[in-house]
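Since every read-out is calculated from the coordinates, none of them should be taken as a lab result. A quick note: this is a predicted structure, and the numbers were derived from the prediction, not measured. Cβ placement follows ideal geometry from the backbone for every residue including glycine, while neighbour counts extend to all protein chains displayed.
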Amino acid sequence: RMFIETDCPFLAPVPHRGKRNEPAFVLETARRIGQLRGLSLEKVGQQTSANFYEFFNLTERAENKVLHR
């Protein structure tokens with residue numbers, strides 16, 4: 001189980017090193033996780049979103065939603 005976040009403003013992911021980290025760059029982190037785990041970007045997004053909803057005990061589920069573009 002994992003979440004993906006962009007808390008660190010000074011450590012942007014490759015290929016954005018040297019720039020201020022932005023929330024949109026979380027996709028680069030998700031892509032890399034997918035590469036390392038053999039998962040699609042969509043699957044990483046679905047699973048980490050589902051983890052978020054479950055962890056915070058929210059009723060809306062994310063399994064069937066596209067949460068990124």
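At a Förster distance of 35 Å, what's the computed FRET efficiency of residue 40 paired with residue 20, Cβ-Cβ distance as r, to 0.05?
0.80
Rounded, prolate or oblate: which one fits the range 1-61, using the alpha carbon gyration tensor with axes a ≥ b ≥ c (rounded when a/c is under 1.5, else prolate when a/b beats b/c, else oblate)?
oblate
Just grab the label-to-label distance for residue 57 and residue 32, each label 7 Å out from Cα along the Cβ direction, in nm (one decimal).
Modelled inter-label distance: 3.4 nm.
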